[in-house]
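Enquirer: Following this message is one structure expressed as structure tokens.
Computed from the coordinates by the stated procedures, all read-outs in this text should not be read as laboratory data. The structure displayed is predicted, hence computed values, not measured ones. Because the Cβ atoms are built from the backbone with ideal geometry, glycine has one as well, and the counts that use them run over all protein chains shown.
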Amino acid sequence: MKRSVVLLLLVALIGLCVAALPAAAAEQVMRYNLAREPQTLDPVLNGGLIGGFVIDHCFEGLLRDRNGELVPGMAESWSVSEDGKTYTFKLRDAKWSDGKPVRAQDFEYSWRRSLDPKVGSGYAFIFYYIKGGEAFYKGEGKAEDIAISCPDDKTLVVTLENPTPYFLDLVAFMVFMPVREDIVEKAPDNWARKVETYICNGPYKMTTFQPDLVVLEKNPEYWDAANVKLPRIDAVVIPEHSTELTAFENGELDI
């Protein structure tokens with residue numbers, strides 16, 4: 001009888017100890033509906049909100065728009081000449097998702113690529129503010145006349161045709177985000193459709209790319225990774241509104 005009582009007490013005590021343990025944290029994943037498969041995830045070629053959702057999480061430009069306020073991104077600081085035409089950006093120490101350093105030349109390559117009519121960017125016109133940009137795109141000027149230069153790996157200098165007070169707002173837009181020349185030129189048509197070659201410099205990196213699912217995970221190489229709180233985003237593709245609503249009501253979607 002006494003043994004039974006002792007056993008019951010031990011079982012009860014173990015139960016209390018287990019109950020006192022902290023509950024396992026719920027998996028921190030945001031589930032979002034893209035609605036359609038992105039046509040492209042190339043920052044230069046994308047022109048829609050669907051691809052923009054992925055690009056904005058995976059890449060970062062010189063500045064970033066955070067709740068309507070411009071904050072430093074890859075640029076740690078910048079200055080503007082007295083005539084309002086020349087912008088000098090100083091890049092912070094930052095890395096791509098494969099660990100290689102982000103360089104000013106990455107921006108120069110990306111911006112010049114946007115102005116290449118052979119690439120076919122729908123936003124080429126937004127680079128016409130840069131001196132020599134429009135002339136080159138229209139075949140009336142030379143590539144070397146586009147006023148973008150890099151005195152060193154950390155300095156990007158851009159001269160505009162005319163003073164443009166909202167130029168800093170423009171460089172926060174996705175088409176001004178950098179891509180790597182060595183990655184893009186190896187596979188210009190499909191580099192942005194493969195996890196292995198989708199090398200990025202933003203808060204997240206793409207770990208799954210399927211017709212119905214894009215998974216983004218926190219990029220440990222991002223310069224401000226310590227302040228990225230959400231470890232994963234699952235972006236699904238549910239085109240039907242009724243199905244989307246049902247998924248949301250069932251707790252299968254967060255947004």
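Enquirer: Taking the mean number of other Cβ atoms within 10 Å as a proxy for protection, how do you rank 203-212, 103-112 from highest to lowest?
Expert: Values: 203-212: 16.6, 103-112: 21.2.
Per-residue Cβ counts within 10 Å, averaged per peptide and sorted highest first, yield 103-112, 203-212.
Enquirer: So if R0 is 22 Å, what FRET efficiency would Glu76 and Glu161 give, r being the distance between their Cβ atoms, rounded to the nearest 0.05?
Expert: The computed FRET efficiency comes out at 0.25.
Enquirer: Cβ neighbours within 10 Å, averaged per peptide: list 241-254, 46-59 in order, most packed at the top.
Expert: Packing order, densest peptide first, comes out as 46-59, 241-254.
Enquirer: Would you list, by chain and number, the lysines whose Cα falls below 16 Å from the Cα of Lys90, excluding same-chain residues fewer than 8 positions away?
Expert: Straight-line reach from Lys90, under 16 Å: Lys154.
Enquirer: Top mean-square fluctuation among Tyr87, Tyr128, Tyr166, Gaussian network model of the chain, C-alpha springs under 10 Å?
Expert: Highest fluctuation among the options: Tyr166.
Enquirer: If you don't mind, there's one more thing I want to ask. Quick check for you: which residues of segment 181-217 have the amide N under 18 Å from the point 7 Å beyond the Cα of Arg92 toward its beta carbon?
Expert: 200-205
Enquirer: Right, something else. Let me make sure I get this right: for segment 37-181, a, b and c are the square roots of the gyration tensor eigenvalues over alpha carbons, sorted descending. Under 1.5 in a/c it's rounded, otherwise prolate if a/b > b/c, else oblate. Which is it? Display every interim value, and only then the final one.
Expert: Working: a/c = 1.40, a/b = 1.10, b/c = 1.28.
Here segment 37-181 falls in the rounded category.
Enquirer: Need one word for segment 168-210: rounded, prolate or oblate. Basis is the Cα gyration tensor (sqrt eigenvalues a ≥ b ≥ c); a/c below 1.5 gives rounded, then a/b vs b/c decides.
Expert: Values: a/c = 2.39, a/b = 1.48, b/c = 1.62.
Judged from the Cα gyration tensor, segment 168-210 comes out oblate (a/c at least 1.5, b/c at or above a/b).
Enquirer: List the lysines whose Cα sits under 19 Å from the Cα of Lys218, skipping any in the same chain fewer than 8 residues away.
Expert: Within the straight-line limit of under 19 Å, Lys218 reaches these lysines: Lys95, Lys100, Lys194, Lys205, Lys229.
Enquirer: By a straight-distance test (C-alpha under 19 Å), which lysines pair with Lys131 as possible cross-link partners, with residues fewer than eight away in the same chain excluded?
Expert: In chain and number order, the partners are Lys85, Lys142.
Enquirer: Once fully extended, how much extra length lies between Leu49 and Leu168, figured as 0.36 nm per residue of separation less the alpha-carbon to alpha-carbon distance?
Expert: So the chain would gain 40.7 nm between Leu49 and Leu168.
Enquirer: Now for a separate question. Given that just one value was derived from the coordinates, which of (1) 180; (2) 125; (3) 237 is volume of the Cα convex hull per residue in Å³?
Expert: Answer label, from the structure shown: (1).
Enquirer: I would also like to ask the following. Report, to two decimal places, the Cα Rg of segment 72-142 normalised by 2.2 N^0.38 Å (N = number of residues).
Expert: 1.28
Enquirer: Sticking with this structure for a sec: Separation between the Lys229 and Met30 pseudo-spin-labels, each 7 Å from Cα along Cα→Cβ, expressed in nm?
Expert: Taking the two extended label points, one gets 1.1 nm.
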